[in-house]
1. If you check every pair at least six apart or on different chains, which have Cβ atoms under 6 Å apart with a residue in the stretch A:14-29 that is within 7 Å of DNA strand D (Cβ to nearest atom) first and a residue that is among the hydroxyl-bearing types (Ser, Thr, Tyr) second?
2. What do you reckon, is residue B:189 among the small types (Gly, Ala, Ser), facing chain A (nearest Cβ under 10 Å) and more than 28 Å from residue A:125 (Cα to Cα)?
3. For the stretch A:18-37, give me each residue that is part of a helix (DSSP H, G or I) and within 14 Å of another protein chain (Cβ to nearest Cβ).
4. I'm trying to understand the selection: among the residues of the stretch A:58-106, which are within 16 Å of DNA strand D (Cβ to nearest atom) and without any contact (Cβ under 8 Å) to a residue 40 or more places away in the chain?
5. Going residue by residue through the stretch B:151-168, is there one that turns out to be at pLDDT 95 or above, within 22 Å of residue B:102 (Cα to Cα), assigned to a loop (DSSP other than H, G, I, E, B) and more than 9 Å from chain A (Cβ to nearest Cβ)?
6. Check off (1) more than 16 Å from residue A:169 (Cα to Cα); (2) buried (at least 20 other Cβ atoms within 10 Å of the Cβ) for residue B:160 and give me the number that stays unchecked.
7. In the stretch A:172-186, how many residues are surrounded by fewer than 22 Cβ atoms within 10 Å (Cβ to Cβ) and either within 21 Å of residue B:129 (Cα to Cα) or at pLDDT below 95 (or both)?
8. So residue B:174 clears everything in (1) touching a Phe, Trp or Tyr at 6+ places or on another chain (Cβ under 8 Å); (2) facing chain A (nearest Cβ under 9 Å) except one condition, right? Which one?
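The values are calculated or read from the model by the stated rules, or taken from the named source; none is laboratory data. All figures in this text were calculated on a predicted structure; none of them were measured in a lab. Cβ placement follows ideal geometry from the backbone for every residue including glycine, while neighbour counts extend to all protein chains displayed.
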2 protein chains.
Amino acid sequence: MSPSNSTSTDRRTYHHGDLRRAVLSAALDVIAAEGPGALSLRDLARRAGVSHAAPAHHFKDRTGLLTAIAAEGFGLLADALREAPGLREAGVRYVRFAREHPAHFQVMFSPELLRAEDLELTTARALAGDALTQAVTTVDPGERGPDARLAGMAAWSLAHGYATLLLGHNLDHQLGKEDPEDTFRALTAMLFHSAAD
Amino acid sequence: MSPSNSTSTDRRTYHHGDLRRAVLSAALDVIAAEGPGALSLRDLARRAGVSHAAPAHHFKDRTGLLTAIAAEGFGLLADALREAPGLREAGVRYVRFAREHPAHFQVMFSPELLRAEDLELTTARALAGDALTQAVTTVDPGERGPDARLAGMAAWSLAHGYATLLLGHNLDHQLGKEDPEDTFRALTAMLFHSAAD
DNA sequence: CGAAAGAACTTGTCAATGACTAGATTCCGC
DNA sequence: GCGGAATCTAGTCATTGACAAGTTCTTTCG
């Protein structure tokens, strides 16, 4: 439909074609490389080849853009966690999600950057929360112990901490050339030292 | 020595007296309340009752201020972890540190905000790392399993994830009115289900 | 004691940014 | 093909970080 490439900077048409996606995509690149603090709406506009105020039409403001990213992230996480074959594998997928979508992950857990009451955000987050809870409650009660709530917090804390430290390059030294996912499996095997899945 | 209060906004003397501490302190308040992104050197200067360029004399720039905060944080963490009576208690202290110094904690693990090569930062971080390693290696090998490196990553991930989720208010719902530290103890008791300390 | 050296702070300036407003262009339903 | 809505442009303002140059206080040392 539009002759313009969604991320190219030259454009003959008045309408971009898919500016929303182009801005989101550029934002994810910037965040992954330099963090959310380096985000500049005007810079994103330049990358997309549009005027400095164009992004605001799609996201309202900087907070709106970040909120959209977080909501998208929770949706992706819910998809990744859905129908995980066991708690262990859910943890692995949580870590994999963080590695594949580092920008989303970072923004999702930076509440001070987000519009907390945003409907898309809260519903997406609730979905992801359900998927997590599902992964905990469906596991064999004999394996996870009597308290599902405690087990859920433990699993989430472990996966979240590992993912966070990984993204912050705090485990580089101890991991060496190992595959982070394999190491995470080994780690959970050690903790739940008779884990079935 | 100086008649001026270190955080008051009115000041008769040309010299503030302890501007460095005043700026650091105000910065910690802002970060704890609104995150590092809300930090403004000019705002901190206003709070301290000095001119807009005064803070730069002590910290060079925004990154310098955040780097100083991170370095201080790693120092405080090393102190908190030093001589912890066992791995479990070290974890509890890690979580306690995050709750008592949320701004430090947040900045310490945001590498994109810091001057990575800063000497004070790297040495302080190394000290804290030593304290953590110490806590892992001194624990009874029969309790932690054969692989100290894996055990260390597991313990750090668990404590770090729990602390992070706690600060992001992601555990509020499941914790209710419980004491977060007690819950963390219960959580570790469940995982290392015969933990001695 | 006093002067030089340096630390602590001020004032002025510039480019960049977020947010807002008003207006131009294109798209779409009828 | 017409009218309203969506998309994008252009202009503006207050705020900020960074830097340069000057002022005031403190300390050192001859």
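1. Listed by first residue and then by second, the contacts come to A:17/A:2; A:17/A:4.
2. Yes, satisfied.
3. Selection gives A:29, A:30, A:31, A:32, A:33, A:34, A:36, A:37.
4. A:58, A:59, A:60, A:61, A:62
5. Checked against the condition, which is being at pLDDT 95 or above, within 22 Å of residue B:102 (Cα to Cα), assigned to a loop (DSSP other than H, G, I, E, B) and more than 9 Å from chain A (Cβ to nearest Cβ), the stretch B:151-168 yields no hits at all.
6. (1)
7. 9
8. Looking at each condition in turn, residue B:174 falls short on (1).
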